[in-house]
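Read the structure below first, then the notes.
The numbers here are math on the coordinates, done by the rules we state, and not lab data. Worth saying up front: this structure is predicted, and the values here are computed from it rather than measured. FYI the Cβ positions are ideal-geometry reconstructions off the backbone, even for glycines, and counts take in every protein chain you see.
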Amino acid sequence: MHMGDALVSGAVGGTMLVATAAVATYSVKKINSDMDEKKIPLMGVMGAFVFAAQMINFTIPGTGSSGHIGGGILLSILLGPYAGFLTMAAILLIQALFFADGGLLAYGCNVFNMGFYACFIAYPFIYKFINRKGISTKRIFAGSVLASIIGLQLGAFSVVLETLLSGKTELPFTTFVLLMQPIHLAIGFIEGLVTAAVVTFVWKARPEILEKSSDGEAYGNISMKRVLGGLIIAVLIVGGMLSWFASANPDGLEWSMEKTAGTTELDSPGGVHDTLSNIQEKTAFLPDYSFKSQSDNEEEEWPAVSVGTSISGIIGGALTLGLALLIGFGVKFIKGKRKKVNVH
């Protein structure tokens, strides 16, 4: 559900960038005692894992479409909504800058659509509500599936609204929304299953992590080695090898666009769109998660065994890990400075 720049006007893109920056600032302010040395590495590793997982598009049977997980619910469950949102912002920035996945003008839209609704609506009002009487395998499954579906439905509807407000007449509201919502219902269900599997692994390895994240508390002396080790191995396997098996079918957004407008790409209106596109061409050294020479090939075999794809998964995961760590340490530094000012 990564929107390209051609889908949004300058006004809508700019407004959503401001909104995303406001939510990020709010998230930094709201992170209190839970941003400790144990959560920061988990932010980095979870960011890398979601980056790698988003590379794998799974086929939606009988539709000719595919989808990938958003990851917002998963990040919220393990990190809390505020750190989860900041981690999602890091993931999408790395994807846009270095892999040309999602536009720079549409960056605010993408963070809002995949991060805000999952972290601040679906997670607190659905997942936490279902698990309010205690965590169990059944509650993790039910909460993950329902929250993933609702979060993705809100994000998909937001995409439709953003194109409507941008004046994209090629995508009439009624037709577009009637295609976007059902296909993302199926994608949301599968994302819920993936989320439940990862959360269950963490719960069985270190149940305290879920409890502390839910209550907004620091991890303290919880040992993170088993969880971090398992997730790092998963990043290498998913990004380095399983990404070869990603579906070649268009994702839910592209599929809906093709059914509505007859194309998966709209013409650029020029101006700021072309300026940002030129910048992205220069920064994206692995466009579409492959070497530039490979990304121009129209036909690909399946599975797409590619060194470029493997390198993209590993480098992208490492870059995301680094940026998420930087954000985590930055937030901790800001909090430390504020405490010193308050003391004096």
field: segment 71-166: relative contact order in percent, alpha carbon pairs under 8 Å with at least 6 residues between
entry: 29
- prompt: Do any trypsin sites (Lys or Arg not before Pro) in segment 88-140 lie in a DSSP loop with no more than 12 other beta carbon atoms within 10 Å, and if so, which?
  reply: Arg132, Lys133
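Quick test of the membrane-span-like rule: which DSSP H helices of the chain reach at least 24 Å along their long axis (C-alpha atoms) with mean Kyte hydropathy at least 0.0?
Values: long enough: 10-30 (30 Å, 0.87); 81-99 (26 Å, 1.80); 137-165 (42 Å, 1.36); 173-205 (46 Å, 1.51); 307-343 (54 Å, 0.91).
Qualifying helices, which must be both long enough and hydrophobic enough, are 10-30, 81-99, 137-165, 173-205, 307-343.
If the convex hull of the alpha-carbon atoms of the chain is projected onto planes in all directions, what is the mean projected area in square nanometres? Could you put the intermediate results ahead of the total?
Values: hull surface 69.3 nm².
It is 17.3 nm².
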message: Restricting to DSSP H runs of at least four residues, report the calculated mean residue ellipticity at 222 nm for the chain, -39500 (n - 2.57) per run over all residues, nearest 500 deg cm²/dmol.
response: -21500 deg cm²/dmol
statement: Listed by chain and number, the residues whose amide H is under 5 Å from that of Ser65, excluding neighbours fewer than 5 places away on the same chain and using placed H, are Ile60
- prompt: Relative contact order for the chain: what is it in percent, counting Cα pairs under 8 Å that are at least 6 residues apart?
  reply: 30
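With charges set only on the Cβ (+1 for Lys and Arg, -1 for Asp and Glu), what does the dipole of the chain come to about its Cα centre, in debye to the nearest 20?
On the way: 24 positive and 25 negative charges, 474 e Å.
Approximately 2280 debye in magnitude.
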Candidates Leu242, Leu178, Leu210: whichever shows maximal mean-square fluctuation once the chain is modelled as a Gaussian network with Cα springs under 10 Å: Leu178
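When Asp5, Asp274, Asp215 are ordered from fewest to most other Cβ atoms inside 10 Å of their Cβ, what list results?
Ascending number of Cβ neighbours within 10 Å: Asp215, Asp274, Asp5.
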message: Using a 10 Å cut-off around each Cβ, can you sort Lys30, Lys168 from fewest to most neighbouring Cβ atoms?
response: Lys30, Lys168
query: What ranking do Thr169, Thr137 get, fewest neighbouring Cβ atoms within 10 angstrom at the top?
result: Thr169, Thr137
